[in-house]
Structures are given as structure tokens and as C-alpha cells.
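To start, the structure itself, in C-alpha cells.
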Amino acid sequence: MIEKSFLLDLFTEIRADGSWISPGLEEYFMVLSLIKSGKYPIQNFSDLAFLLETSWLKSYEKREKFRDLLERRRTEILNFADYIQELNNKEQSFMNLDPPMEDDALKADENVQLKKNINKNQNKVDPEYPDFQPGASNQPIQDDDNSDDYNEHVEGKRVGTSNENLVSFIIPNYLRLRHSPAAERIVVSEVYNTPFIFTNDYFPVKNRQLQQLWRTLKNKIEGNNSMEVNFEGTISKIAQKGYFTGFSFQRYFNNRFQLFILLDDCEAMVGVSDFGTELIHTAKESQMHQEFKPWFFSELPTYNDGINDYLLYNKDRTRKRSIRQLFSGLVAKNILVVIYSEGGAFLGKKDEVQIKQMNKFLNFLKRHCGQSVWLNPAPRERWNGSSAGVYARQIPMFDTSRRDLDRSASTLRGKFLK
Amino acid sequence: MKEFKGEGLHNLEESKKFNLEPYLPSKKLIEAVKLAQLSGRPLLVKGEPGCGKSRLADAVAAELHGKNFRDHYFEWNVKSTSKAQDGLFVIDHLKRLSEANLGKQSHKSLNIGLERYGDNSYATEGDYLKLGVLGKAFVSSYIKDSESPVVLIDEIDKADIDFPNDLLLELDKMTFEIPDAVDQDGNGVHIKANEKNRPLFIITSNDEKPLPPAFLRRCLFHYISFDEIQIDEIAKTRFPELAVAPDLLKSALDGFAAWRAKISNSGISSKNISTSELLDWLFLIVKNNYQGEIKKDDLPPYHQALLKDVESIQLFAKL
């Protein structure tokens, strides 16, 4: 009996990578039972890879990384395919099945035809994934249509069985050939990145998406004193009784999380200040943070030596507040802070003095709030070599793409993603 | 179980029988649907707007069920105000209240009722109660000698973030109860799909909002990438007139590919041209019997069908 991992190592690695939604045990067993049932024929590595991708991957953006991982785990996957084959052979001997049919190696003239088809199909190969093709249909290989739609020359034994419950699929010889990956290499193609656009009309994310983002930052708690009319409950009560007897009430819910957005309004942020305004506007519109107010600083919050605190200003600079004042009366773990600043990335600035002071501020924040994140409007590739790259090591920093904004919300909720 | 092979609407003649347009799914998409049928899991389909996500479901239904596919096909176009319960059942409280107050039904009980049939299925409409899309699909899974019903939940990301989570149990176990409702024997109403003929769910999303992980885990996932779409075949199938004008077709498709690449590379527009725009554009070309030249570097003729924002038009107008 060959010990096999049943793809468990692969599954464990996929789950350990926190950058995507992990499949659960149910999904794992679903894949195993699909393979075991034989209803989805596996003829090569690509078939199995497609099955795993469709069942376990939930995001298009992570596709390249997932395929890369499958490629690295090729040996394990092929071992598993071998195991299935072995299992079939064992079950056959127990069940006293009909002898297997002769090899289905194509005859010489069919071989020539196949090669012609392959040549004809060359320019039809998917440019993005030249050898990554889904499995063939479960038609037997002796079909009249001998053209190989998937540019693969399949030779194998047909495993015949009179018991339809047993696995019954063609097991190609080259599943055992681990030293010929060339035909089945998955090509990892480059992902094209759209550059950011910062105009008044087109933000990197939509208004609705931002509102939704803020709405996910909720930790509802019943308000102690106020009640509000529960309209649905009232109508339901009327319908049950057949007449109006009175209103139904429910407790008013507060959001336990307190959101603070600190915006940098230095000169470098002029071009992207509208997006900052949009962040504020959508946070208010989301109805989860109605009492929230934005606060501003310029490059770095001002440190007040006398009170060992940092000062922030309102937009017009007519009022100032210290951070301790803002956070007073609030439970630290419920305080969420979002910093919106380019951190020197636009100008490629790396000021050591400023870095030291900002790091001190970030440590101060860590001690006084629950979670904090930094949203940087500059593209990620500009961070290294500037102060932003240094800050990114102190505080989770995200760009303003849709994906990163979602990740920042997850971080604020306490879920840390790699 | 009849497997989907993508051949039901593969030409104009066949598709006209169903009063649908031809639909040519890619091999990968066919395999994904097959996996969904075999595993009994919903299939979540994403892709660019206009790539054919929503059409997949009726193509699957037409192939599996033939001419009467509409009896086995259920469509739910989700809106931002949609609630999960709307897909299960709707109780007409106002009608009940009104009848109670007006005394019209004084000889009849005001119970919310749904007739139950012998094989655990129910009627789709009862007293003050109507089953929603999912309820109807579950009930229709008991129709004898029929394939699985097909359910399309279109643009699920439009709804509130709680919407997918509210459907977890129903998508997983394919069962739900209707509180306060009774059948003809006075028993509670418990709607459950036929285990041997579970409905096939096809869920589409435009990726405008993230979907909850618990929901995503339960779905199979397929992204219709533009490269897997057989543009050439689709154009020839939809417009046989172009099949006999190969030069015009070639220049149209070459132009389309070039404009698409240009819009993508420029990054100035968030909406690139896709299959649906191509087909609208080809329709105008065929309808107007366009005989002129189509140049890759010029503004396309009938650009109104292709280019949907000012930036894209300006991009080509500058050339």
C-alpha cells in the first residue's frame, strides 16, 4: 500500500496562505469524492489542476499565484493521481472484472492525423495558458472524432468495469511520467495592472464600494436608553391579530467601533485630496459612523511636548484637538484609525528626521487605539525608497485599489492578511 | 443526469426553437458547469460586463430541458434592495389584514396556507403566500422524469453584504421553513428540494462588492476571461451574413481586438469593450450593409455601439 497524502499537503499550504479565502474541509472532501466517483475524468495534470482551481480558488486576482502553487506541488498531485490508479487496480482484482481492453495507443495513420490536428490547432492555443486546458469530455477515446482538442496525445489503458459504482476512467501512461513536464507546464503570465487615475470624476473605487467598506466596520451593540419603532414587527403583529393594537419597539443599536480618519493635507496631497474627501463623505453616508469627524495634519501630526500628545486640526484649521482628547472616554480596542497620506512616496522623499518622528507617532497610536491602517494614494511601486516604505513596516499600509481597500477593512476588523 | 455540453444553442436554427440567441460557451466554462452539476454546489461566475455570464443559465436550462425549459428555469435579478427572504417566499400581509378588516372572508380561516402534494412537494402559490424563485425551484425538482431545475441569481453583489450570508443554509441544504404557514392538514410548511434532483444554481457577480468568505467557500468559482471566448465563432454563428464576407469579418474582428487592446493599455477608461458590445456593433454593420473599410487606427464606424464613455471616444478621435 503506497502512502499518499490525498493532496493534504497541498490543501494545508493553500489554507496556510492567508492571502485568499481558504477552502474548508467540506471543499476538500468534495474534491476527493468527485475524483473517486470517476464522473469527472482526470486524464492529465491540467484536468486535476482545473478541478482544484474551480473548487478551491475564489478569486480571479489570485489565479496566477494559485497556479504557481499547483506547479510547485506537481509531484504531490501526480502521486495522488498514481494512487487513484493503484486503488482502481486493487478494486478490480477484488471485483473480478472483465479483463482490461488493449492499449488504446493510436494507430500510425491516426497518429499522423493527430499531429496534423495539433499543428492546425497551434494558433488556437490559449495564449495565456498554452498548456492549461480543461479535461476532455468523458467520451471514450475510440470516438470517431480523433482530433485532439487539447493538443495532447493520450495513450492509456481503459479500465473497464461492470460495476458502475467503481471508478472507470482512462488512466494515461504519462501520468506516471514525472520527468516530462514540458508538455504540461502551466505558464504563469504577467498580470496587467491598470495605472491609477486620480481625477474628480473617476476614483479607483466607486462611492457604493466605499460605503460598503465602511459598513463592514460594525460591531453592533444595543443602545442603553433609546428605543425605536420596529416597522416590520408592527406590521407582522397587525397581520397576526387582524387589527392594530400598538407599535412594536426594538432597541436602538449603536456601532461599537469608533472610526477616525486622519488626513494629510500637505502640498503633495493636493492632487489626491478629493479622494480623501470621498472617504469622509462615504463614511458618513454609510450610516455606521454618523458621529465621525475627520481630522487633518500636514506631513506629520504636531507633537505637543508639554502634554506628550499629538495635535490634529479641523479642515479650516480653526480648531485643534489632541489625540488623547479625541480618544477620551472610548474603549481603546474599539478605536479604528485610518491614516490617508502619501508618506513621501509621490516625491520620493526619505527624510530620516521625519521618519523617526512619524514612527514615534505610529507607536503612540498603537498604544491608544485598537487597529490602525495607512491608506497611501501613491502606487505601491513608489513606496520603496521613500519614507512610505519605512512606515509600511510599522503599520499595515495599503494602496487605494479595490483589493487593498478590502484588505484594509479586514485588517481594521482584526483579520490580518499576508 | 444529463451533462451540459454547450451544444444546445450552438447555431441560429437551434436557438430560434427556444426563442433565444445562440450561445457558445468556452470549454473551460462547460467543464465548470459540469463540475457544478456533479458536486451539487452553486457555480459563481464572474467576468467583465458583457462577457455572457447571465446568458449561461438559460443556455444550460435550454440544453438540459429542451423546448419546455422555461418550466424548469428560474431567474432572480437581484437589486440593491433585495432581501434573501424574497427569494424564498412572500407573505401578503396587507391582503390578509384587509380581508380581516373588511370581513370578506369571515367564513374562511385567515391562515397562511400552502397545499402539499404527496411527494413532499408543494404548490407554488397558496393563501396569502407565494413561493419565491428558490422556493419554486425546490418544488419543481420533484417533477417526474425531469433534469435538475436551473436557477440564475444574477448580480448577487448588488444586494447588501448580508444577502449572500442569509442564503447560506438554503444554498447548502436546499431547504427552508415558512413560519406561520400550514398545509391542508394543519402541519407546518417545510420546503425541501429533491435530493436526487438538486437544482443547479448559477450565480453571477460583477465584482462590485466583495462577497462573504462563508458564501464563497460553498460555491465553485469560474472567471470568464476574455481570451477564452470564441469571438470568431460567436460572430459567425450570430451573423451568418458575415460568414460569407470573410474580409469584412476579419477586418471587424481585427479592429475590435486592436481597439480593445488600446483601451486596456491606455488605462483611461474603466469600461472596456466586450462580447456584448461587439455583437451590437456587428448587428449595426450587418443591418446597414456597411461596405466601407474598417481601420484599426480610426474611430470605428457606428462607434456608439462600441465605445461607451467620452474618454474612449476621445482616445480614438485623437488618432
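The values are calculated or read from the model by the stated rules, or taken from the named source; none is laboratory data. Small disclaimer: the values here were computed from a predicted structure and weren't measured. Backbone-built Cβ (ideal geometry, glycine too); neighbour counts: all protein chains shown. Quick note on the areas: whole protein, heavy atoms, side chains included, nothing else; ligands and nucleic acids left out. Shrake-Rupley method; radii C 1.70, N 1.55, O 1.52, S 1.80 Å.
Given (1) under 31 Å from the mean Cα position of the chain (by Cα); (2) assigned to a strand (DSSP E or B); (3) surrounded by fewer than 16 Cβ atoms within 10 Å (Cβ to Cβ), identify the lone condition not met by A:Ile339.
If we test A:Ile339 against (1) under 31 Å from the mean Cα position of the chain (by Cα); (2) assigned to a strand (DSSP E or B); (3) surrounded by fewer than 16 Cβ atoms within 10 Å (Cβ to Cβ), just (3) comes out false.
Within region B:17-93, considering only helices (runs of 4 or more DSSP H) that don't extend past its boundaries, which have at least 3 residues that are more than 14 Å from chain A (Cβ to nearest Cβ) and surrounded by fewer than 23 Cβ atoms within 10 Å (Cβ to Cβ)?
B:53-65
Would you point out the residue of region A:9-51, among those that are open to solvent by 40 Å² or more (accessible area, probe 1.4 Å) and out of contact with any helix residue (DSSP H, G or I) (no Cβ under 8 Å at 6 or more places or on another chain), that is nearest to the other protein chains (Cβ to nearest Cβ)?
A:Ser33
Would you mind stating whether A:Lys356 is closer than 18 Å to A:Asn384 by Cα and open to solvent by 20 Å² or more (accessible area, probe 1.4 Å)?
yes
Give region B:31-80 a look and list any residue that's more than 15 Å from the chain's Cα centre (by Cα) and without any contact (Cβ under 8 Å) to a residue 40 or more places away in the chain, or say none.
Correct list: B:Glu31, B:Lys34, B:Leu38, B:Gly66, B:Asn68.
Could you run through region A:29-44 and say how many residues are in a loop (DSSP other than H, G, I, E, B) and aromatic (Phe, Trp, Tyr)?
1
Each row is one residue, and each column tells you yes or no for (1) farther than 23 Å from B:Pro164 by Cβ; (2) acidic (Asp, Glu); (3) modelled with pLDDT of 90 or more.
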| site | (1), (2), (3) |
| --- | --- |
| B:Pro49 | no, no, no |
| B:Arg55 | no, no, yes |
| B:Asp58 | no, yes, yes |
| B:Asn68 | yes, no, no |
| B:Tyr73 | no, no, yes |
| B:Ser80 | no, no, no |
| B:Gly87 | no, no, yes |
| B:Val90 | no, no, yes |
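Is region B:211-234 home to any residue that is under 27 Å from A:Ser401 (Cα atoms), away from chain A (no Cβ under 14 Å) and open to solvent by 30 Å² or more (accessible area, probe 1.4 Å)?
No, that holds for no residue.
Residue under question is B:Lys271, and the condition is that it be in contact (Cβ under 8 Å) with a residue 40 or more places away in the chain, within 14 Å of another protein chain (Cβ to nearest Cβ) and farther than 30 Å from A:Ser22 by Cβ; does it hold?
Numbers: in contact (Cβ under 8 Å) with a residue 40 or more places away in the chain: yes; within 14 Å of another protein chain (Cβ to nearest Cβ): yes; farther than 30 Å from A:Ser22 by Cβ: yes.
Yes: the conditions hold for B:Lys271.
Just to be sure, is B:Val244 surrounded by 15 or more Cβ atoms within 10 Å (Cβ to Cβ) and over 21 Å from B:Ala57 (Cα atoms)?
No.
Looking for something under 22 Å from A:Glu228 (Cβ atoms), touching a strand residue (DSSP E or B) at 6+ places or on another chain (Cβ under 8 Å) and either in contact (Cβ under 8 Å) with a residue 60 or more places away in the chain or not in a helix (DSSP H, G or I) (or both) - is there at least one such residue anywhere in region A:300-323? Explain how you work it out, then say what you get.
Step one: of region A:300-323, the residues under 22 Å from A:Glu228 (Cβ atoms) are none.
No; the residues of region A:300-323 include none that is under 22 Å from A:Glu228 (Cβ atoms), touching a strand residue (DSSP E or B) at 6+ places or on another chain (Cβ under 8 Å) and either in contact (Cβ under 8 Å) with a residue 60 or more places away in the chain or not in a helix (DSSP H, G or I) (or both).
Against the condition in contact with a Phe, Trp or Tyr (Cβ under 6 Å, 6 or more places away or on another chain) and surrounded by fewer than 16 Cβ atoms within 10 Å (Cβ to Cβ), how does B:Asp145 come out, does it pass?
no
Keeping to region B:184-206, report how many residues are crowded, with 18+ Cβ neighbours inside 10 Å and in contact with a strand residue (DSSP E or B) (Cβ under 8 Å, 6 or more places away or on another chain).
Counting residues in region B:184-206 that are crowded, with 18+ Cβ neighbours inside 10 Å and in contact with a strand residue (DSSP E or B) (Cβ under 8 Å, 6 or more places away or on another chain) gives 10.
Taking region B:4-16 as the search range and keeping residues that are buried (at least 17 other Cβ atoms within 10 Å of the Cβ) and assigned to a loop (DSSP other than H, G, I, E, B), which one is farthest from the other protein chains (Cβ to nearest Cβ)?
The selected residue is B:Leu9.
List every residue pair whose Cβ atoms sit under 6 Å apart, with the two residues 6 or more apart in sequence or on different chains, where the first one lies in region B:247-265 and is over 12 Å from B:Lys295 (Cα atoms) and the second, anywhere, is assigned to a helix (DSSP H, G or I).
Here the result reads B:Leu249/B:Leu242; B:Ile263/B:Ser312, each pair linking region B:247-265 to a residue that is assigned to a helix (DSSP H, G or I).
For region A:349-418, list the helices (runs of 4 or more DSSP H) that sit wholly inside it and hold at least 3 residues that are under 18 Å from A:Gly18 (Cβ atoms); which are they?
A:402-412
Out of A:Tyr202, A:Tyr192, A:Tyr252, which single residue is assigned to a loop (DSSP other than H, G, I, E, B), aromatic (Phe, Trp, Tyr) and either modelled with pLDDT of 65 or more or surrounded by 12 or more Cβ atoms within 10 Å (Cβ to Cβ) (or both)?
A:Tyr202
Give just the number: which of (1) within 14 Å of chain A (Cβ to nearest Cβ); (2) part of a helix (DSSP H, G or I); (3) within 18 Å of B:Leu56 (Cβ to Cβ) does B:Ala137 not satisfy?
Of the numbered conditions (1) within 14 Å of chain A (Cβ to nearest Cβ); (2) part of a helix (DSSP H, G or I); (3) within 18 Å of B:Leu56 (Cβ to Cβ), the odd one out for B:Ala137 is (1).
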